[in-house]
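Just below is one structure, and these are the notes that go with it.
The values are calculated or read from the model by the stated rules, or taken from the named source; none is laboratory data. Note that the structure is predicted; figures quoted are calculated from it, not measured. Cβ sites come from the backbone with ideal geometry, for glycine too, and all protein chains shown count toward neighbours.
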Amino acid sequence: MDAEGDRPGQQSQPRNFFDEPVAARYEETSAEMFAREQVEPAVEFLAGLAWGASALELGIGTGRIALPLSRKGIRVHGIDLSPQMVSRLREKPGGSDVDVTIGDFATAKVGRRFSLAYLVYNTIDNLTTQDAQVACFCNVAEHLEPEGCFVIEAGVPQLQRLSPGETVRAFSVTPTHLGFDEFDVATQRLTSHHYLLSNGSMEVVSIPFRYAWPAELDLMARIAGMRLRERWADWSREPFTSDSDAHISVWQKT
Ligand SMILES: C[S@@+](CC[C@H](N)C(=O)[O-])C[C@H]1O[C@@H](n2cnc3c(N)ncnc32)[C@H](O)[C@@H]1O
């Protein structure tokens, strides 16, 4: 891991953790996120906020959400650090029609404004410092039309699920994939470790994250000139409660 965040106020270009072999295995290791029942409600929700016009996806990846949203007539522009993920998007039907800027979504400029920006699948946590997460909110606000919306889908930090003193929690245990998170509560950092068995050999990948509570994200939104408009537990608008594992938050540019 690079030293991003060790010097407050300074940001270096983040490292691309979604290069090979992660990009090659992404759709297999995230298979449940590609299921229709995951994708369709997300696309419906986002299309309803895009005013039939255009949307900016931060961390567009292989186009899981961007491609079905494009098929609804929304012109999607993506930002992503990983040329390897974007090359998988390009190979899919409609993938060459999506505009993509290769860069860091906390700072990259696209040169136009959107009615909607969105950041799904916990990807805000890929920014591993508070400074970088605040910069991301400010960058989004610069890219939004007045009254445009910013949507984040992220997990609620799972700390209350840890036993006292416990710092490690498994999220995937299958014959070919062992995944577990290692928490550092003092810094709000966690590292997701993946042990992937493929053709008899083991690949080990560790990706750093910074988790944030919804209330901290609300404050970041305020700093950037946005206000919380809605918060739900999922894309079907189930109420967000103390038991929710995840949140879908919508902030509006004021
Ligand atoms: C978990 S994947 C999500 C991809 C896609 N949004 C989806 O839902 O399937 C995270 C994506 O964000 C990208 N990413 C992570 N940090 C980034 C950053 N700072 N700037 C731009 N892209 C980033 C990764 O390269 C990867 O493609």
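Listed here are the residues, each with its yes/no results for (1) more than 15 Å from the ligand (Cβ to nearest atom); (2) among the hydrophobic types (A, V, I, L, M, F, W, C).
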site: Trp51; (1), (2): yes, yes
site: Ser70; (1), (2): no, no
site: Glu91; (1), (2): no, no
site: Ile102; (1), (2): no, yes
site: Lys109; (1), (2): no, no
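Give just the number: which of (1) surrounded by fewer than 21 Cβ atoms within 10 Å (Cβ to Cβ); (2) over 16 Å from the mean Cα position of the chain (by Cα) does Gly103 not satisfy?
All conditions pass for Gly103, except number (2).
Looking at (1) surrounded by fewer than 18 Cβ atoms within 10 Å (Cβ to Cβ); (2) among the hydrophobic types (A, V, I, L, M, F, W, C); (3) closer than 30 Å to Leu116 by Cβ, can you tell me which one Trp251 breaks?
Trp251 satisfies every listed condition except (1).
Could you list, in sequence order, all residues of region 245-254 that are within 17 Å of Gln38 (Cα to Cα) and either at pLDDT 95 or above or part of a strand (DSSP E or B) (or both)?
Ala246, His247, Ile248, Ser249 - these are the residues of region 245-254 that are within 17 Å of Gln38 (Cα to Cα) and either at pLDDT 95 or above or part of a strand (DSSP E or B) (or both).
Among the numbered criteria (1) out of contact with any Lys or Arg (no Cβ under 9 Å at 6 or more places or on another chain); (2) assigned to a strand (DSSP E or B); (3) touching a residue at least 24 places away in the same chain (Cβ under 8 Å), which single criterion is violated by Phe171?
Here Phe171 meets the rest and fails (3).
Of the residues that make up region 21-29, is at least one small (Gly, Ala, Ser) and in contact with a Ser or Thr (Cβ under 8 Å, 6 or more places away or on another chain)?
Checked region 21-29: at least one residue is small (Gly, Ala, Ser) and in contact with a Ser or Thr (Cβ under 8 Å, 6 or more places away or on another chain).
Within region 125-134, identify whether any single residue is closer than 19 Å to Met33 by Cα and among the polar types (S, T, N, Q), and answer yes or no.
Yes, there is a match, as at least one residue in region 125-134 is closer than 19 Å to Met33 by Cα and among the polar types (S, T, N, Q).
Give the number of residues within region 142-168 that are surrounded by fewer than 21 Cβ atoms within 10 Å (Cβ to Cβ) and either free of Cβ contacts under 8 Å to residues at least 12 places away in the same chain or assigned to a helix (DSSP H, G or I) (or both).
9
Which condition number in (1) farther than 18 Å from His247 by Cα; (2) in a helix (DSSP H, G or I) is the one that Val43 fails?
Tallying (1) farther than 18 Å from His247 by Cα; (2) in a helix (DSSP H, G or I), Val43 fails exactly one: (1).
To keep it simple, each residue is scored yes or no on (1) in contact (Cβ under 8 Å) with a residue 60 or more places away in the chain; (2) under 16 Å from the mean Cα position of the chain (by Cα).
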position	(1), (2)
Met226	yes, no
Arg231	no, no
Ala246	yes, yes
Ser249	yes, yes
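What's the total number of residues in region 46-60 that are of a type outside the set (S, T, N, Q) and not in a loop (DSSP other than H, G, I, E, B)? Spell out the reasoning first.
Of the residues in region 46-60, the ones of a type outside the set (S, T, N, Q) are 46-53, 55-60.
With the extra rule that they be not in a loop (DSSP other than H, G, I, E, B), the set shrinks to 46-47, 55-58.
Qualifying residue count, region 46-60: 6.
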